[in-house]
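Asker: First the structure, then my questions, so here it is.
The values are calculated or read from the model by the stated rules, or taken from the named source; none is laboratory data. As the structure is a prediction and not an experimental result, all values here were calculated from the model. Cβ placement follows ideal geometry from the backbone for every residue including glycine, while neighbour counts extend to all protein chains displayed.
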Amino acid sequence: MGNVESLGRVCGIAAPALPSLDQLLPAEPLLLMGAGPVPVAAEVARAGGMVINHLGPTMDRLVEHIKQLASYAFQTADEHILGIGGPASAAMEMAMGNLLWPGRRALVLQNGWFSGRFAEMAAGVGAEVEVLAVPEGQAVCAERVAERLKGQRYDVVTMVQGETSSGVCTVDLPAIACLCRQHGALAVVDAVCTLSTMPLDKDAWGIDVVFTGSQKGLSSLPGVALIAFSDAAWEQVHQHPGPRPHWCLDALRAQHFWQHHQYHYTAPVSGLLALHEALRLVCEETLERRFARHRHSSLALQAGIEQMGLVLAAPRPIRLNSVVAIQVPAGVDNARVRADMSSRFHVEISGAFGLDIVRIGQMGEQCRAPHLFRVLHALGGALTPEGAAVDTSAGMAALESYLSHCGDDVI
Ligand SMILES: *Cc1c(COP(=O)(O)O)cnc(C)c1O
């Protein structure tokens, strides 16, 4: 062995002397009340701190559990449930890359940032893409889809259940999925921010493909995603003429791991352990009670926001409860309000990708009474110095009153 000096001479670039994370992170963790990622339960955090072998009997059991738990969350008896090492967008890409290819036709229902992402991915794998666009802040309704499908043939129709970018809910989703079925098109649904926060009944609604991420409705660590294919969709996955455009996101290769416990790529074991716990907590709570908790929490927050004197961006009939979009009062600096909320109140919320709104998440662990009080108080506290006419006390009182009426044990 050479001495240290002679080893050191091999590296032309010196090691940077950077401080540890303690100095990078704020002294007090910020409360994540934005559009995701969201806070996680203690069980989830613990599970995410472990590493296990990615192959072998423990992993095999973990995979089987996750599939069973996910069947409940998606409300499906599908055999083809796969996990993905990657963000929710990777699941979207798996759906597009395995169901579309040159010569195939896709209709993208677009009313915002995330619903539009489907079109880029579909075009990327060579499909013919048509977009049915409605202005941001509106919902795609079943009538518009019915009109568009008349006399047309599409292989795939894509939609989001909750358009996180504008806080709008596709309330006609069951009717649209039904139309897709009648027209012989596969309905592909993004349930990233909505899964387990509001009803989604994959089999009963006739949805062919549904996917979600880990860090939003499910309240787990970012970095893994879940997708379920119906038998009809799976048959079409097999019809891909090749070459298959993705290797990691090839559903057939992924099935080796998720069905047959064979190596595809090293699964994100910590993320899957955390997801297991997050899904188990969904089952323990039951979907019915979880939906009620989300609904009450979000409506309480909305009541507080309105009583404070602010305007909610989405009209009530199409308002998404999972992510609440709030108009920024005229003359107020959106970014400065959020920065002030972070630095003075230790609460983070989200801006938007174009609209002058701020967004407060109501997903998973965000729907807890103490968090509601903190975020509302911080919002009022940051808006006041900006000169906005807000009545923080009235908002807090409305929140308190709503919560006391819906029963303390819910949230
Ligand atoms: C966040 C989000 C996505 C993208 O999720 P990533 O994990 O960032 O890839 C897609 N669709 C919706 C509706 C979302 O809210």
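Asker: Sort out which residues of the range 238-256 are in a helix (DSSP H, G or I) and surrounded by fewer than 20 Cβ atoms within 10 Å (Cβ to Cβ), and write them in order of number. Spell out the reasoning first.
Answerer: Here is the first cut: in the range 238-256, the residues in a helix (DSSP H, G or I) are 238, 251-256.
Scanning the range 238-256 gives His238, Leu252, Arg253, Gln255, His256.
Asker: Among Cys193, Cys180, which is the only one that is touching a strand residue (DSSP E or B) at 6+ places or on another chain (Cβ under 6 Å) and in a loop (DSSP other than H, G, I, E, B)?
Answerer: Values: Cys180 fails: in a loop (DSSP other than H, G, I, E, B).
Answer to the selection: Cys193.
Asker: Quick one: in the range 161-177, which of the residues that are outside any loop (DSSP other than H, G, I, E, B) and more than 13 Å from the ligand (Cβ to nearest atom) is farthest from Glu147 (Cα to Cα)?
Answerer: At the first step, the residues of the range 161-177 found to be outside any loop (DSSP other than H, G, I, E, B) are 162-163, 168-169, 173-177.
Next, only the ones that are more than 13 Å from the ligand (Cβ to nearest atom) stay: 174-177.
Details: Pro174: 17, Ala175: 13, Ile176: 11, Ala177: 14 Å.
If we take residues in the range 161-177 being outside any loop (DSSP other than H, G, I, E, B) and more than 13 Å from the ligand (Cβ to nearest atom), then Pro174 is farthest from Glu147 (Cα to Cα).
Table: residues versus (1) assigned to a helix (DSSP H, G or I); (2) farther than 28 Å from Leu281 by Cβ; (3) at pLDDT below 95.
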| site | (1), (2), (3) |
| --- | --- |
| Leu299 | yes, no, no |
| Val332 | no, yes, no |
| Ala339 | yes, yes, no |
| Leu383 | yes, yes, no |
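Asker: Which numbered condition trips up Val269, out of (1) more than 30 Å from Arg104 (Cβ to Cβ); (2) under 19 Å from the mean Cα position of the chain (by Cα); (3) not aromatic (Phe, Trp, Tyr)?
Answerer: With respect to (1) more than 30 Å from Arg104 (Cβ to Cβ); (2) under 19 Å from the mean Cα position of the chain (by Cα); (3) not aromatic (Phe, Trp, Tyr), Val269 is out only on (2).
Asker: Please pick out the residue among Gly213, Gly184, Gly217, Gly271 that is surrounded by fewer than 24 Cβ atoms within 10 Å (Cβ to Cβ) and over 24 Å from Glu147 (Cα atoms).
Answerer: The conditions single out Gly271.
Asker: Of all residues being closer than 26 Å to Gly271 by Cα and touching a Leu at 6+ places or on another chain (Cβ under 6 Å) in the range 220-237, which is surrounded by the most Cβ atoms within 10 Å (Cβ to Cβ)? Just the residue, please.
Answerer: Ser220
Asker: While we're on this one: Do you know which of the residues in the range 275-288 that are over 16 Å from the mean Cα position of the chain (by Cα) and touching a residue at least 40 places away in the same chain (Cβ under 8 Å) is surrounded by the fewest Cβ atoms within 10 Å (Cβ to Cβ)? Working first, answer last.
Answerer: Our first condition is that a residue be over 16 Å from the mean Cα position of the chain (by Cα); within the range 275-288, this holds for 276-277, 280-281, 283-288.
Cutting the leftovers down to touching a residue at least 40 places away in the same chain (Cβ under 8 Å) gives us 276-277, 280-281, 283, 287.
Details: His276: 21, Glu277: 22, Arg280: 16, Leu281: 21, Cys283: 14, Leu287: 19.
By that ranking, first place goes to Cys283.
Asker: Only one of Lys216, Lys202 is closer than 17 Å to Ala77 by Cβ and not hydrophobic (A, V, I, L, M, F, W, C). Can you tell me which? Reasoning before the result, please.
Answerer: Details: Lys216 fails: closer than 17 Å to Ala77 by Cβ.
Of the residues listed, the single one that is closer than 17 Å to Ala77 by Cβ and not hydrophobic (A, V, I, L, M, F, W, C) is Lys202.
Asker: Being surrounded by fewer than 22 Cβ atoms within 10 Å (Cβ to Cβ), of a type in the set (Val, Ile, Thr) and assigned to a helix (DSSP H, G or I) is the filter here, so list the residues in the range 301-327 that pass it.
Answerer: Matches in the range 301-327: Ile318 only.
Asker: If you don't mind, there's one more thing I want to ask. In this structure, is Thr158 of a type in the set (Ser, Thr, Tyr) and closer than 30 Å to Pro245 by Cα?
Answerer: Values: of a type in the set (Ser, Thr, Tyr): yes; closer than 30 Å to Pro245 by Cα: yes.
Here the answer is yes, as Thr158 does meet what is asked.
Asker: Continuing with this model, one more query. Ala90 versus (1) touching a Ser or Thr at 6+ places or on another chain (Cβ under 7 Å); (2) near the ligand (Cβ under 10 Å from one of its atoms): which is the lone unmet condition?
Answerer: Of (1) touching a Ser or Thr at 6+ places or on another chain (Cβ under 7 Å); (2) near the ligand (Cβ under 10 Å from one of its atoms), only one is false for Ala90: (1).
Asker: Among the residues of the range 242-257, are any under 24 Å from Gly116 (Cβ atoms), more than 12 Å from the ligand (Cβ to nearest atom), in contact with a Leu (Cβ under 6 Å, 6 or more places away or on another chain) and modelled with pLDDT of 95 or more? Break it down stepwise before answering.
Answerer: Restricting attention to the range 242-257, the residues satisfying the condition of being under 24 Å from Gly116 (Cβ atoms) are 245-246, 248-249, 251.
Now drop any that are not more than 12 Å from the ligand (Cβ to nearest atom), which leaves 245-246, 248-249, 251.
This time we only want the ones that are in contact with a Leu (Cβ under 6 Å, 6 or more places away or on another chain), so: none.
No: the range 242-257 contains no residue that is under 24 Å from Gly116 (Cβ atoms), more than 12 Å from the ligand (Cβ to nearest atom), in contact with a Leu (Cβ under 6 Å, 6 or more places away or on another chain) and modelled with pLDDT of 95 or more.
Asker: Can you give me the number of residues within the range 359-381 that are in a helix (DSSP H, G or I), closer than 20 Å to Ser342 by Cβ and among the small types (Gly, Ala, Ser)? Working first, answer last.
Answerer: As a first pass, look at the range 359-381 and keep what is in a helix (DSSP H, G or I): 364-366, 369-381.
Still in the list and also closer than 20 Å to Ser342 by Cβ: 365-366, 370-381.
Narrowing the set further to residues that are among the small types (Gly, Ala, Ser) leaves 378, 380-381.
Count: 3.
Asker: What number goes with the only condition from (1) within 11 Å of the ligand (Cβ to nearest atom); (2) among the aliphatic types (A, V, I, L, M); (3) over 15 Å from the mean Cα position of the chain (by Cα) that Ile207 does not pass?
Answerer: Here Ile207 meets the rest and fails (1).
Asker: Show the residue pairs that are 6+ apart or on different chains and have beta-carbon atoms under 9 Å apart, the first residue being within the range 328-349 and surrounded by fewer than 13 Cβ atoms within 10 Å (Cβ to Cβ), the second being assigned to a helix (DSSP H, G or I) and of a type in the set (Asp, Glu).
Answerer: Gly331/Glu386; Asp333/Glu386; Arg336/Glu386
Asker: Here is a further query. Taking into account only those residues within the range 101-122 that are part of a loop (DSSP other than H, G, I, E, B) and surrounded by 24 or more Cβ atoms within 10 Å (Cβ to Cβ), which is nearest to the ligand (Cβ to nearest atom)?
Answerer: Residues of the range 101-122 that are part of a loop (DSSP other than H, G, I, E, B), as a first pass: 101-104, 111-112.
Restricting the remaining residues to those that are surrounded by 24 or more Cβ atoms within 10 Å (Cβ to Cβ) gives 111-112.
Working: Asn111: 11, Gly112: 8 Å.
Per the criteria, the residue is Gly112.
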